[in-house]
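The values are calculated or read from the model by the stated rules, or taken from the named source; none is laboratory data. In this text, all values refer to a predicted model and were calculated from it rather than measured experimentally. Because the Cβ atoms are built from the backbone with ideal geometry, glycine has one as well, and the counts that use them run over all protein chains shown.
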Amino acid sequence: MNQSDFLKSVLPFKDKVFRLAKRLLVSTEEAEDATQELYFKLWRNKEKLANYKNVEAFAMTMTKNYCFDRLKSKQASNLTLVHSNYKEKDTALETKIEQRDSVSQVHELIDKLPEQQKLVIQLRDIEEYDFEEIGKMLDLKPTAVRVALSRARKTIRQELVKQHNYGII
Amino acid sequence: MELSKIEQLLEKYLNAETNLQEEATLKNYFSTGDVAPHLQEYESMFGYFAISKAETSAKPIQLNTKKKNWKWLSVAASVALLVSVYVGNGYLKEQEARAQYAEVMSTLKLLSTSLNKGNEAMASLYVYEDTVNKIFKTK
């Protein structure tokens, strides 16, 4: 597999990888680094890629695992401050979103969800994968994916209703 | 799309029983901006999903690490060049100095041999003078 063949097969889902990484790592810079790192890994393992029926699902699984590793090492080294630093950089984007009908509330609500529900929402409601694929990516049975997704959707909706009714942000 | 149908779909949606097509229908409905007031929380949700999906990574992917190495290589090369210019310059100066030294030395040698020749000639003159004096005294 040469470089252009490789890129042809993996570049179409680059933004999906990036968005998944951003969902988990929060900051754009970190998500970009993670995306770069993931493509390095894929490139180094390019001979094995032919063995995978679904390279995209494989890449998403790798992204998820890589981001979890990053989060773990961050927690281990107590770099929680870095997290808040990055948030400030994103304020421009956040205000942009805020202008559009409080959609940023949804962002925060998803951020508060348990990791698995966060992933399921990202993969289903944003990237629109089917349950089979999500199950493969997260190593879950499709029914478990449904359960997590249902919980996540209900939580987000409930919180939004609460905030709209009582004016709490 | 009738409102009752949307409400039905939303019920299924919350239970994660909708398929991708039905979810597309919902996304479509909530992107029109004409949403029933009691469903506004869904408008925020689906609006957020649409915005998120549009986000892209601006950074291009690089597969070659060599580029980074080239940077370091150029730094190393420039350092090597500087060092070699410095050392070479010193060597050149030394060579020049040696050449000048050799030239001066050969000139001095020439001078000294000429002087020696003069001395020898002088020595024979002295001998001549001595002899002359001897002759005149003995006279």
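Quick notes on this one:
- The residues of segment A:130-169 that are in contact (Cβ under 8 Å) with a residue 60 or more places away in the chain and closer than 25 Å to A:Ala21 by Cβ, listed by number, are A:Glu133, A:Lys136, A:Met137, A:Leu138, A:Asp139.
- Hits in segment B:47-85 (condition: surrounded by 10 or more Cβ atoms within 10 Å (Cβ to Cβ) and aromatic (Phe, Trp, Tyr)): B:Tyr48, B:Phe49, B:Trp70
- Each residue in segment B:1-37 was checked for being assigned to a loop (DSSP other than H, G, I, E, B), surrounded by 11 or more Cβ atoms within 10 Å (Cβ to Cβ) and of a type in the set (D, E, K, R), and 1 pass.
- Hey, B:Thr56 among the β-branched types (Val, Ile, Thr), touching a Lys or Arg at 6+ places or on another chain (Cβ under 9 Å) and more than 9 Å from chain A (Cβ to nearest Cβ) or not: no
- Residue in segment A:161-169 that is more than 8 Å from chain B (Cβ to nearest Cβ) and buried (at least 19 other Cβ atoms within 10 Å of the Cβ) present: no
- Residue among B:Ala121, B:Ala77 that is within 38 Å of the chain's Cα centre (by Cα), small (Gly, Ala, Ser) and over 30 Å from A:Arg124 (Cβ atoms): B:Ala77
- Condition met for B:Tyr42 (within 14 Å of chain A (Cβ to nearest Cβ), over 30 Å from A:Val10 (Cβ atoms), at pLDDT 95 or above and assigned to a helix (DSSP H, G or I)): no
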